[in-house]
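To start, the structure under review is shown below, and the notes come after it.
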Amino acid sequence: MGWLRMVVVGLMVVIIAHKLSKMNKEPPLPTLDPNPWWAPGEPQQEDVSINRFNINFSKKEVDDLKARLALPLRLTPGLEDANFTYGINADTLHTIVQYWRKKYDWNKRQTRLNTYPHFKTHIEGLDIHFMRAGAKAGSAKNVKVVPLLLIHGWPGSFVEFYDILPLLTNPQEGSSVVFEVICPSIPGYGFSQGSSKQGFGQLEAAQVFLKLMKRLGYKQFYLQGGDWGSLIASNMATMYPNNILGIHVNMFTINTPGANLKMVLGALLPAGVVVEEEDQHKLYPLSTFVSMMARESGYLHLHATKPDTIGAALNQSPVSLAAYILEKFSSWTHRDNLHQPDGSLLQQHFPISLDAMLDNICIYWFTSTITTSVRLYAETFNKNFVSKSLDNIPCVVPAGLVTFAHESVNSPKSFASHKYYNIVTNNDQATGGHFAAMEEPALLATDLHQFVNIVEKKRT
């Protein structure tokens, strides 16, 4: 009966493809207000100056954090043998809080965070923060300096990029480029001011970042990002192709009718018919993928519907904030970490240092931006954004795609081609997860260098 199943599925494909051909007309680019005002009150004359600043939280703020960490912990013992399957457990959190209280040195870490110069400027009424890492071509011959906008995600921040920056700004063997890196904080994250008005989503962030790069003198530049960084970069490349030399992403989700049809058909047809055999593991069996997504995406529904509720809870206690964020660092670096007693967070082989994770949490804590950061979900998963149909508008600029083995969402190239029409590189990495720049900075940097070298060679 295998032939009969193939015939039935084939007929389904023809019928659905016919319907999709009517639905899948390319929508026009959405129109944005070119000069919105996201700060409180009415629009005012904008100060376009760019000002240097240092990360320097006061002794009062640091002492307040220490006092809150010193409060008795009210933790419920974990269930026997549950490990991290119910989320972060009491024993692990207790150990981390004790380290945070007694061994973590914020003053020392703050000095490290100031290694690269930080700046702020006003755009559309908001204070926009960015870190700048200058290219160091030095005496290297035949090395070209190219500008790169490097965009973080949630629950990350600019802290994600400290280990990868030297690999981007210094000459690397086999590469003819070095990068002048601009690393902004998404509005509502860290030192970038959050919107006071409804409607500021990832598309609006794309416009802000384009204005930032133009203000810095870059009319054309490369993009790199994961998580929100990937989505914002994709929007920029789709909306402003004349300004984008190339886009490189280490997480990409494809939500077009054609890709969604392929996902379903790939579960019904033999391997290799719809999805390349080497890509089958990224999505199939589909029941396993759906189960994993249901388990790991509860936060997303909460952020998208009631961001201020979860934000208020997390903003009251650094321990609560740490529990919420650290659980994501555990489960998103390797899918099997939830079966480890400590979620692997305290194990020597864990790819991200505890200090680096606490640096990231401290940025959220000291800037009090957890609420404004998660509002980005509510402004994305709504009718207003969906109606713009960005997913169905092709990205035509050169694209570099890299998949890390333990990323929660991995799309086969045949799916990605429904969005990215000019895929230059598409590589799979055997290690690494969601926080690629922190986990595998060398692999991510090498992949980015490879992509940009190919694009630059074609351009010249």
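The table below gives the values:
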item	result
Loop-resident sites, the range 122-175, for GluC sites (Glu not before Pro), counting at most 16 other Cβ within 10 Å (DSSP)	Glu173
Estimated [θ] at 222 nm from DSSP helical runs (n ≥ 4, -39500 (n - 2.57)) normalised by residues in the chain, nearest 500	-12500 deg cm²/dmol
Exposure proxy order (Cβ contacts within 10 Å, fewest to most) of Leu444, Leu390, Leu261	Leu261, Leu390, Leu444
Cβ-placed point charges (K, R +1; D, E -1), dipole of the range 217-339 about Cα centre in debye, nearest 20	280
Size of electric dipole in the chain: Cβ of Lys, Arg +1 and of Asp, Glu -1, about Cα centre, debye, nearest 20	880
Hz values of 3J(HN,Hα) by residue in the range 290-295 - Karplus curve (6.51, -1.76, 1.60), Gly and Pro given as x	5, 5, 5, 5, 5, 5
Amide hydrogen neighbours beyond the local backbone of Asp428, cut-off 5 Å, H modeled	Thr403
Alpha-carbon centroids, the range 117-137 and the range 178-241: separation in whole Å	11
Sorted by Cβ density within 10 Å, fewest first, the residues Thr95, Thr369, Thr446	Thr95, Thr446, Thr369
Percent of Cα-Cα distances greater than 38 Å, calculated over the chain	24
Segment Asn422-Thr31, length gained on full extension (0.36 nm per residue, minus Cα span)	138.3 nm
Alpha carbon Rg of the range 156-261, scaled by the compact-globule rule 2.2 N^0.38 Å	1.16
Convex hull projection area averaged over all views, the range 70-113, Cα basis, nm²	4.2
Positive-pole candidate from His303, Ser291, Ala267, dipole of the range 266-324, charges at beta carbon	His303
Cα→Cβ-extended label distance, 7 Å offset, between Ala294 and His349, nm	3.0
Computed over the range 373-460, the ratio Rg/Rh where both radii use C-alpha atoms and Rh is Kirkwood	1.03
Full-stretch length increase - Gln45, Lys413 - with 0.36 nm per residue and alpha-carbon distance subtracted	127.8 nm
√(5λ) per eigenvalue of the Cα gyration tensor, the range 351-410, largest first, Å	29, 22, 10
Cα-based shape type of the range 283-379, given that a ≥ b ≥ c are square roots of the gyration tensor eigenvalues and the cut on a/c is 1.5	oblate
Amide H within-cut-off set for Lys144, under 5 Å, with H built and near neighbours excluded	Val177, Val178
Under Karplus coefficients 6.51, -1.76 and 1.60, residue-wise ³J(HN,Hα) of the range 435-445 in Hz, glycine/proline x	9, 4, 5, 8, 7, 9, x, 5, 5, 5, 5
Convex hull volume per residue in cubic angstrom - Cα atoms of the range 92-229	157
Added length on full extension, which subtracts the Cα-Cα distance from 0.36 nm per residue, Lys219 to His301	25.8 nm
Cα→Cβ-extended label distance, 7 Å offset, between Asn242 and Ala271, nm	4.7
Neighbour-count ranking [beta-carbon atoms within 10 angstrom, fewest first] of Lys214, Lys60	Lys60, Lys214
Pairwise Cα inverse-distance average, inverted: Kirkwood Rh of the range 221-371 (Å)	18.4
Charged-residue dipole, Cβ positions (Lys, Arg, Asp, Glu), the range 87-154 about Cα centre, Debye nearest 20	440
Amide proton proximity set for Ser411, modelled H, under 5 Å, gap of 5+	Phe252
Karplus (6.51, -1.76, 1.60) ³J(HN,Hα), θ = phi - 60°, over the range 349-362, in Hz, Gly and Pro reported as x	7, 4, x, 10, 5, 4, 4, 5, 5, 6, 4, 4, 5, 4
Unsatisfied cross-links (Cα-Cα over 24 Å) in the set Lys25/Lys383; Lys282/Lys306; Lys120/Lys214	Lys282/Lys306
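Read-outs: derived from the displayed coordinates by stated rules, not from any lab. Bear in mind that the values here come from a model prediction, so they are computed numbers and not experimental data. Here Cβ is always computed from backbone atoms with ideal geometry, including for glycine, and neighbour counts include all displayed protein chains.
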